[in-house]
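The values are calculated or read from the model by the stated rules, or taken from the named source; none is laboratory data. Given the structure is predicted, the values throughout are model-derived calculations rather than measurements. Virtual Cβ from ideal backbone geometry, glycine too; neighbours counted across all protein chains shown.
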Amino acid sequence: MRGRAHYQPRGVSASGKPYTEAFVRRVHELVGKGYAKLKPSEFCCSAEEDITGELVRAIEALLDDIAAPQWTRWFSVHEDPRIHDAERKGKRRLRLDIRIDSSQELPRSRMRFEAKRLGQGHGVSVYLGTDGIHCFLDGRYAREDRCAGMLGYVQKGRADEWAAGIEQAMKADSAKLHLRSSGGWRSVRLVANLSSTYRSGHDRPSVGQPIEIFHTLLLFN
């Protein structure tokens, strides 16, 4: 059996930048593989929760597949996990949309995702609003993390059109979004089968540390 050294460079801890970058790529590879198992046109009018549930189900199936790549053995996916904090207990705790964990190193690496529909009645203002990206910026979600993810479920129009709209809105509201001078909206190619992934860097004054948000737009029309 291959040991951990096969999956991670020697001397790189879970807190190191090379490990973090590899973890982010692997997480998005799972998202991409899960999305590839879905039939997007079947979800053109579906609720956000329905799409998220099917995406998670597809990722779980991949993780349970004996033929899946060896590195997937370290990963797990969680739908609607509760968030622990000092103010909310029990049922009052907030719920995240998706969390993907890796147990390759301790403490475990976790990437948290908030999902939003993009279509009729579900515009950029919702995506960038109080219950969208601001969940990360004000520390309700991923308070201890340096990176997190937004998933945009595109149910009308093209992904590049929505990306341009999000970029424009971010620039117009850069102060409120605490957009970092070196962290503007830019395209990234983390994995081959996700063609519409972007990243943006934000300060978080109320948290005390910045966060990098990875935005992935998935077509469901």
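Regarding Q104, is this residue modelled with pLDDT under 95, in contact with a Phe, Trp or Tyr (Cβ under 8 Å, 6 or more places away or on another chain) and under 17 Å from R26 (Cβ atoms)?
So Q104 passes the test.
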Next on the checklist: Checking the structure you have, find out if any residue of segment 155-178 is in contact with a His (Cβ under 8 Å, 6 or more places away or on another chain) and farther than 25 Å from A36 by Cα.
Outcome noted: yes
Next on the checklist: I'd like to check something: does segment 12-27 contain any residue that is modelled with pLDDT under 75, touching a Pro at 6+ places or on another chain (Cβ under 9 Å), part of a loop (DSSP other than H, G, I, E, B) and farther than 28 Å from V207 by Cα?
Outcome noted: no
Item to check | Which listed residue is at pLDDT 95 or above, small (G, A, S) and touching a Leu at 6+ places or on another chain (Cβ under 6 Å), from A148, A159 | outcome: A159
Next on the checklist: Here are the criteria: (1) over 21 Å from L219 (Cβ atoms); (2) surrounded by fewer than 17 Cβ atoms within 10 Å (Cβ to Cβ); (3) more than 17 Å from the chain's Cα centre (by Cα); (4) at pLDDT 95 or above. Tell me which single one S182 does not satisfy.
Outcome noted: (4)
Checklist entry - Can you name every residue in segment 155-178 that is farther than 27 Å from F220 by Cα and in contact (Cβ under 8 Å) with a residue 60 or more places away in the chain? => result none
Checklist outcome for this item: Pairs returned, first residue in segment 41-70 that is more than 13 Å from R117 (Cβ to Cβ), second residue that is of a type in the set (D, E) and not in a loop (DSSP other than H, G, I, E, B), beta-carbon separation under 6 angstrom, 6 or more apart or interchain, are V56/E79
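Restricting segment 41-89 to residues that are of a type in the set (D, E) and within 20 Å of the chain's Cα centre (by Cα), which is modelled with the lowest pLDDT?
Here the answer is D80.
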Item to check | Selection within segment 35-56 - of a type outside the set (A, V, I, L, M) and either buried (at least 16 other Cβ atoms within 10 Å of the Cβ) or in a helix (DSSP H, G or I) (or both) | outcome: Y35, P40, S41, E42, F43, S46, E48, E49, D50, T52, G53, E54
